[in-house]
Each structure stands twice: as structure tokens, then as C-alpha cells.
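J.: Structure provided below as C-alpha cells; questions to follow.
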Ligand code: TXA
Ligand code: MG
């Protein structure tokens, strides 16, 4: 089958396109169309065979019922019975919009559409293209998300074509959707009504209108053994091809954990994917990092979630790590979809970060122009199992200066460089428990301990690696003295790297 693609402008709807699409639906065909939540795969909701086609195109299990979309509130009465009185208030507040309500179905709705259930899910979308199409199709359009079953829901027409090109009659391309996550599902057949799927309309928003609602306990977390009440929620869903793992903890810890995982993978020659936010992106150095939106505006995260998951399918990654997001407002829906996409795979950030004792190494010498910078550069050139921020500082730095020229000459002859080094005064600021301070001789260590009584992890380099070869100070001596200093430092730093790598494997 050739899938026809028609572009449409939401602000200036081409009636001709809508009429053509409406005719396809009336004849029992399939048309994908934009809604404010995600793209839907439309069919005539009152035709048994149309539902069958929908399941086939999506590869969806036929016990998973479809949502019937309407464009006129009066039409609800034609497909639902025993409509509870709160419905009017809910519809007045949230329809048209990203809310689906479940009612007892009327005889008009075939069991094909409801997956064999006696209830029917109904939504009145606010997207003007969707509303026009529903009207043109006769008023009742069943529409699951227009993706292959199990894949992330489509938020653009391109996503629809990735999954369904050649399998459906037509796609109406109305650009990117607004919300990006599927509608909130509220079951009106129980008292109080129950949220079966979280979305942009939250429990708090319902409560302001009709008082307390309940929430299906299976929505978040893998602990529950019960089956979710919305049949579709039991499947692994929204899933990218790579394994997705959610890292949980406070944000600082999540970043540190993901950095560690990304560094380890990079060392093994395999980059991981990282789902980060505008605020956290600068912290990642390794891995394929994608910006999902800004934490300041959670709606931006909702809008980008599925497209980011799809984008990772184009990348050569086996594993994707995601930061987690606050559970307020639409955050609950974001975490619900992310957990489903991850098949509930989560790791506590602390379990990863506690494996790394030191994250920063500072070499301290007197003027920070010879031994300190040389040691730092030597360590940067070691094979390290974990990632460290490596610096050097001096105890008497009167003003910032480049590295000593003889030191640079020696480093150059060993294919390294101190170019760009600028000496810095040690001031004890910004140091944390994961900072390792290594002095080139005992004087600096004593001075630091005397001046800063809160610092942990201050050692001479010799002491830390258990080798008491003194590090000679070549300052003011001929080049050969710098060479001798280099030899000693190279050996000690080699031992240091080995020691750090042992710590990385959990040995003290
Ligand atoms: O935002 C949306 O709701 C999108 C757009 C296209 O409107 N549609 C959508 O449909 O997400 P779908 O088929 O991907 O998800 C429908 C969900 C499934 O989890 C299904 O099991 C549940 O609604 N559902 C449908 N009818 C139900 C019923 N009678 N009882 C319980 N759950 C029902
Ligand atoms: Mg879906």
C-alpha cells in the first residue's frame, strides 16, 4: 500500500485535505493525524473491521482497547451509557483536551474497538486538525498512538512514517505535537474515579473540580504484582532499541554516577547514551549525550521524551542512562513513560558513586611551575579506570605564570606538554571529601595541615604510593636535573595510577 502524506497548517486548515481524509476513514481506511498529545492512528470507531485493520498495522495485541475520539460533547451519549454526573464538570474543564474518560459502552460500539470490554474510552482532542477530521469522518474515530506496538509514541509525522509507511492509507502532517505524552486516562466506572494512566492533567487538577480521585497503584514502580487496569499499560512500551536504565538519586549524585558509567564504557571502547537536561549537559564529557529539555520547564521534557528515545535508535549505543525527574505535575507522567521504556530498570546512583573514593587529584608544590604541573600531566597520561579532575597548585604563587621552560622541554621530549598551564595558589577552597591532595614534599603537607584543619586526604606523593624516593627539586639547576626529577616523578605517578586503579576495584 502506498501511504499518502498531506501537510496541513493548523492555523489555516485545508478543507480539501480534511474531506479526503474523512472519506478514507468512512470507507474503512486508516489515517494518522496529529492531536495535542501524540499522533493517533485513526479508523472508524463504529466499524468492527476497521479496528482489526488498526491492530494489524500496529502489530498490537487485540485485547488492548482503542480510545474513541469525538468532536462534539453531545456525541458522548451515543457511545456511552450510565454516564456519571461528574462527567459534565470534567468535560467543561478539560474537554477538548488531553483527557480520556472510561464509561460503560453503548451497543453502538463494537467489541473490536473496546478489545472485548463492556467499557469504552472516550476523548475529545483539542487539536483543530483532529477535531475537523473527526467531524469529517462522521464523529467517532478510534485512535491509538500511531506507532508500531512497543515503540515510543510518535510526536511528528516523520515518526509515524518510520513505523507505519506502507501499512496505512494516509498521514496528515500537522507538525510537532504540543504535549508529547498520551492523555490522562480516568476511569469513570468506579467511585471515586481512578487515574489509570498519568498525563498532562493531574490528580490535583481533577480534585479541584470533582474532589478526590484514586490512582491505579500499578502506574509507578515495578513492585506491584497486580495487572494494571488499562490493558495497554501492562506491556513494555515506548521502548528504544538500546537498554535504557534510569539512574536515581539526588541530581548531583545522578550526574556523578552517569559520568562514572560513561567513562568506564568509553574506556572499553563503547560509548553509552545519556539522557540529560539543559542544566546538566555541561557536566558530561563522555558518551552520546542528548538534551531532553529543561528542568525549569517540565513540559519541554514531556515534549521531547519520545523523539529523544527514537533518536537513540540511530546511534550506536547498547545502553542509555537517564537522569530521573521530579514527580510533580506532568513529572509523574514523564517518569511513568520513562520507567515503561526502561522496562522498570533502575539503579540507585549511590550504588555507583560509592565505588569511587576520589574524583579529583591536586598535586601541590611550592610555586606550581615544575614538579606539580609535571606530576599532573603525567597522571593525565596514565590509563585510569575512573575519571579524575587532575590539577596542580602551589603554596607560594605570587602571580599566575606559565610552567617553567626547562620542565616544559623535558615533558616535550616525552611527548607531553605543560602548554597552557598557569600556576595557581592553593587556597583550600571548593575541596570536597573526594579530593585527594598530594604534595611533592613534606613541607607543603605540614603547611596545609596547619592552615586547613578541615581537609581530609592530604598526603605526600611518596607516602601515598609507599615509596620513599625523594622527589628532587631541580629549580635553578641545569636541564639534566629536570630530567632526573622527571624520572622519579614518572615512576611515582605510575605507582599512583596503579593505586588509584586498585581503589577503583574496591581494594583499600
Ligand atoms: O493521547 C492519547 O490518548 C492518544 C491520542 C492518539 O489520542 N491515544 C492513545 O491511545 O494513547 P493508545 O491506544 O496508545 O492507548 C490507549 C490506552 C491503552 O493503555 C488502553 O489499554 C487504554 O487506553 N484503554 C482503552 N480503552 C480502555 C478501557 N475500556 N478500559 C481500560 N483501559 C482502556
Ligand atoms: Mg500507545
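The values are calculated or read from the model by the stated rules, or taken from the named source; none is laboratory data. Being a predicted model, the structure only gives us computed values, none of them experimental. When we count neighbours, we look across all protein chains shown, and the Cβ atoms used for this are built from the backbone with ideal geometry, even at glycine.
J.: Kindly state which helices (runs of 4 or more DSSP H) lie completely within the stretch 349-445 and contain at least 3 residues that are surrounded by 20 or more Cβ atoms within 10 Å (Cβ to Cβ), in contact (Cβ under 8 Å) with a residue 12 or more places away in the chain and in contact with a strand residue (DSSP E or B) (Cβ under 9 Å, 6 or more places away or on another chain).
T.: Fully inside the stretch 349-445 and qualifying: 371-380.
J.: Restricting the search to the stretch 161-189, which residues are within 11 Å of ligand 1 (Cβ to nearest atom) and not in a loop (DSSP other than H, G, I, E, B)?
T.: 184, 185, 186, 187
J.: Please find, within the stretch 125-137, the residue that is nearest to residue 8 (Cα to Cα) out of those that are in contact with a strand residue (DSSP E or B) (Cβ under 7 Å, 6 or more places away or on another chain) and more than 16 Å from ligand 2 (Cβ to nearest atom).
T.: Out of the qualifying residues, it is 129.
J.: Taking the stretch 149-162 as the region of interest, how many residues are in contact with a helix residue (DSSP H, G or I) (Cβ under 8 Å, 6 or more places away or on another chain) and either more than 16 Å from ligand 2 (Cβ to nearest atom) or at pLDDT 95 or above (or both)?
T.: Residues meeting the conditions: 6.
J.: Moving on. If only one of 337, 346 is touching a residue at least 12 places away in the same chain (Cβ under 8 Å) and out of contact with any strand residue (DSSP E or B) (no Cβ under 8 Å at 6 or more places or on another chain), which one is it?
T.: 337
J.: Let me ask another. Being farther than 16 Å from residue 153 by Cα and in contact with a strand residue (DSSP E or B) (Cβ under 7 Å, 6 or more places away or on another chain) is the filter; apply it to the stretch 45-64 and report the residue that is surrounded by the most Cβ atoms within 10 Å (Cβ to Cβ).
T.: Per the stated criteria, the residue is 45.
J.: Among the listed residues 149, 153, which satisfies the condition of being crowded, with 23+ Cβ neighbours inside 10 Å and part of a loop (DSSP other than H, G, I, E, B)?
T.: 153
J.: Here is a further query. State the number of residues belonging to the stretch 238-269 that are outside any helix (DSSP H, G or I) and either more than 16 Å from ligand 1 (Cβ to nearest atom) or surrounded by fewer than 21 Cβ atoms within 10 Å (Cβ to Cβ) (or both).
T.: 14
J.: Looking only at the stretch 113-123, count every residue that is part of a helix (DSSP H, G or I) and either outside the structural domain of residue 88 (by TED's automatic domain parsing) or more than 16 Å from ligand 2 (Cβ to nearest atom) (or both) and tell me the total.
T.: 0
J.: Okay, next question. If I filter the stretch 124-146 down to residues being in a helix (DSSP H, G or I) and within 13 Å of ligand 1 (Cβ to nearest atom), which single residue comes out as surrounded by the fewest Cβ atoms within 10 Å (Cβ to Cβ)?
T.: 131
J.: For the stretch 63-95, enumerate the residues that are out of contact with any helix residue (DSSP H, G or I) (no Cβ under 7 Å at 6 or more places or on another chain), more than 15 Å from ligand 1 (Cβ to nearest atom) and within 18 Å of residue 135 (Cα to Cα).
T.: Across the stretch 63-95, the qualifying residues are 72, 74, 75, 77, 78.
J.: Any idea which of 192, 228, 212 is surrounded by fewer than 21 Cβ atoms within 10 Å (Cβ to Cβ), within 14 Å of ligand 2 (Cβ to nearest atom) and outside any helix (DSSP H, G or I)?
T.: Checking each option against the conditions leaves just 228.
J.: For the structure I just gave you, tell me whether residue 68 is assigned to a strand (DSSP E or B) and more than 32 Å from the chain's Cα centre (by Cα).
T.: In short, no.
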